[in-house]
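Novice: Input: one structure, supplied below.
The values are calculated or read from the model by the stated rules, or taken from the named source; none is laboratory data. Bear in mind the structure is a predicted one, so any value in this text is a computation, not a measurement. Glycine gets a Cβ as well: all are built from the backbone with ideal geometry, and neighbour counts include every protein chain shown.
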Amino acid sequence: MRWVITGGCGFVGAALVNHLWQQHRSSIRVVDRLSAGKADALHPVPHKILKTLPTANTWSENQVDVFAFDISDAAAAQFVSQEADIIVHLAANTGVQPSIADPMMDCQSNVLGTLAYLEAARASNPKRFVFASSGAPVGAAPAPVHEGVIPRPLSPYGASKLAGEGYCSAYHHSYGLDTVSLRFSNLYGPGSKHKTSVIAKFCDAILQGETIAINGTGTQTRDFLYVDDAVGAIMRAAFTNGIGGELYQLGNGRPTSILEILHLLEQQAKRQGLSMPPVRHSSPLSGEVQDTYALTRKVQQHLNWKPEVDLETGLERTLQSFLPQAAP
Ligand SMILES: NC(=O)c1ccc[n+]([C@@H]2O[C@H](COP(=O)([O-])OP(=O)(O)OC[C@H]3O[C@@H](n4cnc5c(N)ncnc54)[C@H](O)[C@@H]3O)[C@@H](O)[C@H]2O)c1
């Protein structure tokens, strides 16, 4: 199988590449401009960084080729996607705040970058095109969120992810491309040191001995999904028959408060001989949703997928991965 993974050096992408290399020995091409993720994240998978397009379009078998290109580079998208069986499109501006600060930048990456890979897929006709969406398109919809909720994005990031979902649906119906959109909830796990998500920030603060900052009371709830479970969903989205054009809401299906996360991390820190730093509450972020979690009935039925890693285990592995001696 020949896989193209955009954003393959990022948090989710590197976990997927590692899984594919270790378990399936696939031929893998990564496209990543190495802005947020780094090629070291692929360790111990052998890989080579390419900064120019080679003259011959040959797929490597004994290493992962990392094409250090922007996803909006249409020529690179066409080159890389040639003869691909599966395209997993993960690369994106992933931040809400950067999208508010610079919506054109967000649109360039998340809308035009997605279109570049859909166009490349239209030419190369892979078996499946998997798109990483998010909970952001549904905005402040009351919990639980699901595929039937009317999307009302609160940020340019939510709007650009919704546009990506829209184009995936359109390319399925207009050109017969087998696209699948996955709306990930809050992902956590090893490989997230560069992320600014709440669990990554808490783990980092514990390791650095710095004050843990909580916005508001900490009673707000989120749906946290372990990264390997997200990889499992991507694998099922890639191989399940008859789901072209579909959209799935993913999560562990239950709300967890920020205070509960803190409490579980405190227990883990104690077990690992780490002392807890002080906690400081600041004013709540404006426009922040109080409670949210995903209803995952559709993905369970269609993909026969459900999360396998419980929060305690996931947090233990995550905190361990932040230790200085842990692999990159
Ligand atoms: N991590 C989460 O909690 C979460 C939640 C919902 C949705 N998602 C979505 O899942 C996908 C993967 O997220 P992640 O957490 O792995 O993010 P990440 O930032 O760790 O990885 C994204 C990768 O894409 C690369 N990239 C970014 N813009 C690029 C561009 N214009 N051209 C080429 N490469 C570019 C970055 O260098 C990085 O390695 C994203 O689409 C994100 O929106 C993530």
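Novice: THR196 - would you say it is away from the ligand (no atom under 16 Å from the Cβ), in contact (Cβ under 8 Å) with a residue 24 or more places away in the chain and surrounded by fewer than 20 Cβ atoms within 10 Å (Cβ to Cβ)?
Specialist: No: the conditions fail for THR196.
Novice: For region 85-95, which residues satisfy the criterion of being within 10 Å of the ligand (Cβ to nearest atom) and either surrounded by fewer than 24 Cβ atoms within 10 Å (Cβ to Cβ) or not small (Gly, Ala, Ser) (or both)?
Specialist: Residues of region 85-95 within 10 Å of the ligand (Cβ to nearest atom): 88-95.
Selection gives VAL88, HIS89, LEU90, ASN93, THR94, GLY95.
Novice: Now a separate question. Of the residues that make up region 151-159, is at least one surrounded by fewer than 21 Cβ atoms within 10 Å (Cβ to Cβ), among the aliphatic types (A, V, I, L, M) and over 23 Å from TYR117 (Cα atoms)?
Specialist: Yes, region 151-159 contains a residue that is surrounded by fewer than 21 Cβ atoms within 10 Å (Cβ to Cβ), among the aliphatic types (A, V, I, L, M) and over 23 Å from TYR117 (Cα atoms).
Novice: Let me ask something else about it. Enumerate the pairs (first residue in region 6-25 and closer than 24 Å to GLY113 by Cα; second residue anywhere and near the ligand (Cβ under 9 Å from one of its atoms) and among the acidic types (Asp, Glu)) with beta-carbon separation below 6 Å, excluding pairs fewer than 6 apart on the same chain, so at least 6 apart or on different chains.
Specialist: Filtered contacts from region 6-25: GLY7/ASP32; GLY8/ASP32; CYS9/ASP32.
Novice: Considering region 137-190 alone, what residues qualify as being under 15 Å from the mean Cα position of the chain (by Cα) and aromatic (Phe, Trp, Tyr)?
Specialist: TYR157, PHE184, TYR188
Novice: Also, quick follow-up: For LEU50, work out the one condition from (1) within 13 Å of the ligand (Cβ to nearest atom); (2) without any contact (Cβ under 8 Å) to a residue 24 or more places away in the chain it doesn't fulfil.
Specialist: (1)
Novice: Quick one: how many residues across region 1-47 are part of a loop (DSSP other than H, G, I, E, B) and within 15 Å of the ligand (Cβ to nearest atom)? Reasoning before the result, please.
Specialist: In the first step, residues of region 1-47 are kept if they are part of a loop (DSSP other than H, G, I, E, B); the result is 1, 7-10, 25-26, 32-38, 43-46.
Retained after the next criterion (residues that are within 15 Å of the ligand (Cβ to nearest atom)): 7-10, 32-38, 43, 45.
Number satisfying all stated conditions: 13.
Novice: Does PRO126 fit the bill of being crowded, with 20+ Cβ neighbours inside 10 Å and of a type outside the set (Ser, Thr, Tyr)?
Specialist: On the way: crowded, with 20+ Cβ neighbours inside 10 Å: yes; of a type outside the set (Ser, Thr, Tyr): yes.
It is true that PRO126 is crowded, with 20+ Cβ neighbours inside 10 Å and of a type outside the set (Ser, Thr, Tyr).
Novice: Hey, another quick one. Looking only at region 26-47, which residues are of a type in the set (A, V, I, L, M, F, W, C) and in contact (Cβ under 8 Å) with a residue 40 or more places away in the chain? Talk me through it step by step, then tell me what you get.
Specialist: So in region 26-47, the residues of a type in the set (A, V, I, L, M, F, W, C) come out as 28, 30-31, 34, 36, 39, 41-42, 45.
Residues satisfying the conditions are VAL31, ALA36, ALA41.
Novice: Of the residues ASP73, ASP65, only one is buried (at least 16 other Cβ atoms within 10 Å of the Cβ), acidic (Asp, Glu) and closer than 30 Å to PRO153 by Cβ; which? Before you say what the answer is, go through the steps one by one.
Specialist: Working: ASP65 fails: closer than 30 Å to PRO153 by Cβ.
Exactly one of ASP73, ASP65 is buried (at least 16 other Cβ atoms within 10 Å of the Cβ), acidic (Asp, Glu) and closer than 30 Å to PRO153 by Cβ, namely ASP73.
Novice: Is one or more of the residues making up region 76-84 within 11 Å of the ligand (Cβ to nearest atom), modelled with pLDDT of 95 or more and over 22 Å from ALA237 (Cβ atoms)?
Specialist: yes
Novice: Can you name the number of the only condition in (1) near the ligand (Cβ under 10 Å from one of its atoms); (2) more than 14 Å from the chain's Cα centre (by Cα); (3) of a type in the set (D, E, K, R) that ASP204 fails?
Specialist: (1)
Novice: Next question. Taking region 167-193, which residues are within 11 Å of SER133 (Cα to Cα) and either assigned to a helix (DSSP H, G or I) or within 12 Å of the ligand (Cβ to nearest atom) (or both)? Write out each step before concluding.
Specialist: Quick first cut of region 167-193, residues within 11 Å of SER133 (Cα to Cα) only: 168, 180-185.
If the condition is that a residue be within 11 Å of SER133 (Cα to Cα) and either assigned to a helix (DSSP H, G or I) or within 12 Å of the ligand (Cβ to nearest atom) (or both), then CYS168, SER181, LEU182, ARG183, PHE184, SER185 are the ones that fit.
Novice: Moving on. Tell me whether region 122-132 contains one or more residues that are modelled with pLDDT under 95, among the hydrophobic types (A, V, I, L, M, F, W, C) and either in a helix (DSSP H, G or I) or out of contact with any His (no Cβ under 7 Å at 6 or more places or on another chain) (or both).
Specialist: Let us first name the residues in region 122-132 that are modelled with pLDDT under 95, namely none.
Scanning region 122-132, I find no residue that is modelled with pLDDT under 95, among the hydrophobic types (A, V, I, L, M, F, W, C) and either in a helix (DSSP H, G or I) or out of contact with any His (no Cβ under 7 Å at 6 or more places or on another chain) (or both), so the answer is no.
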